[in-house]
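Beneath this line is the structure, given in structure tokens, with notes to follow.
The values are calculated or read from the model by the stated rules, or taken from the named source; none is laboratory data. All values reported here derive from a predicted model rather than from experimental measurement. Positions of Cβ are backbone-derived with ideal geometry, glycine not excepted, and every protein chain shown enters the neighbour counts.
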Amino acid sequence: MSTSAAPGFPYRLIATDLDGTLLRSDESVSRRTRETLAAATAAGAAHIVVTGRAVPWTRHILDDLGYDGLAVCGQGAQVYHAGEHRLLTSVTLDRQLAGVALAKIEAEVGPLYLAASRDGLDGEVLVGPGYAVTGTLPATPFTDASDLWTAPLNKIYIQHPTLTDDELAEAARKAAGGFVTVAMAGEGIVELLPLGLSKATGLSLAARRLGM
């Protein structure tokens with residue numbers, strides 16, 4: 001499917017984040033924002049949501065918006081068709097490489113607090129002891145670290161008892177940057193992603209599906 005904007009409208013594609021962009025602090029979308037997006041799409045621009053949230057933490061928001069287009073989720077790992085409630089593409093962590101990356105990081109900074117996002121439309125977020133969950137998003141606790149590796153993962157979250165987010169991210173990049181991509185997605189959220197993955201790579205995949 002290709003798209004073309006109306007004469008005089010300068011954009012064929014609009015990509016927006018969710019948290020801190022479309023969403024207000026209570027996770028709602030204002031009437032003004034809804035009307036602006038409707039006007040842009042009526043003028044012929046495609047709208048793609050691009051978010052660090054995985055699909056299970058995103059689709060209820062898209063359903064509430066009445067959004068039926070493509071969404072890039074999980075920091076670029078997933079391309080999701082909201083209208084069809086279907087996962088079109090998904091990139092998962094190499095779990096062996098992720099395990100090596102964690103070991104290298106912990107060798108430098110000591111034990112980490114861990115969480116992980118499982119792949120799929122209903123993928124759980126697993127949260128280990130000590131990991132502080134931000135916001136109100138649902139999570140499933142685990143106590144045995146081996147539970148992390150029993151199913152495909154899109155990302156691993158790491159926290160440290162004393163290091164700041166910036167310090168932890170920098171240490172992780174130095175120790176394991178050749179094995180995983182290290183990203184900061186917000187306060188208290190340092191993520192280990194498949195190597196080379198970013199929102200931009202996911203957006204490129206989604207845009208090509210729209211003929212752009």
### Message
Go through (1) of a type in the set (Ser, Thr, Tyr); (2) in contact with a Lys or Arg (Cβ under 9 Å, 6 or more places away or on another chain); (3) over 30 Å from residue 24 (Cα atoms) for residue 146 and report which single condition fails.
### Response
(2)
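If I filter the stretch 58-68 for residues that are in contact with a Cys (Cβ under 6 Å, 6 or more places away or on another chain) and either in the same structural domain as residue 185 (by TED's automatic domain parsing) or within 24 Å of residue 188 (Cβ to Cβ) (or both), do I get at least one hit?
First, pick out the residues of the stretch 58-68 that are in contact with a Cys (Cβ under 6 Å, 6 or more places away or on another chain): 58.
If we keep only those that are either in the same structural domain as residue 185 (by TED's automatic domain parsing) or within 24 Å of residue 188 (Cβ to Cβ) (or both) too, we end up with 58.
There is at least one residue in the stretch 58-68 that is in contact with a Cys (Cβ under 6 Å, 6 or more places away or on another chain) and either in the same structural domain as residue 185 (by TED's automatic domain parsing) or within 24 Å of residue 188 (Cβ to Cβ) (or both).
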### Message
Whether any residue in the stretch 120-128 is aliphatic (A, V, I, L, M), free of Cβ contacts under 8 Å to residues at least 24 places away in the same chain and buried (at least 16 other Cβ atoms within 10 Å of the Cβ) is what I want to check.
### Response
yes
### Query
How about the stretch 139-158: which of its residues are touching a residue at least 24 places away in the same chain (Cβ under 8 Å) and either under 28 Å from residue 23 (Cα atoms) or in a loop (DSSP other than H, G, I, E, B) (or both)?
139, 151, 152, 153, 154, 155, 156, 157, 158
### Task
Output the qualifying pairs, or none if there are none: Cβ atoms under 6 angstrom, residues six or more apart or on different chains, first residue in the stretch 168-185 and over 21 Å from residue 95 (Cβ atoms), second residue surrounded by fewer than 22 Cβ atoms within 10 Å (Cβ to Cβ) and among the acidic types (Asp, Glu).
171/108; 184/165
### Query
Hey, any hits in the stretch 44-58 for a residue that's aliphatic (A, V, I, L, M), in contact (Cβ under 8 Å) with a residue 24 or more places away in the chain and exposed (fewer than 12 other Cβ atoms within 10 Å of the Cβ)?
no
### Residues within the stretch 194-212 that are part of a loop (DSSP other than H, G, I, E, B) and not small (Gly, Ala, Ser), tallied
4
### Message
All but one of (1) assigned to a loop (DSSP other than H, G, I, E, B); (2) over 21 Å from residue 108 (Cβ atoms); (3) modelled with pLDDT of 90 or more hold for residue 161; state the number of the condition that does not hold.
### Response
(2)
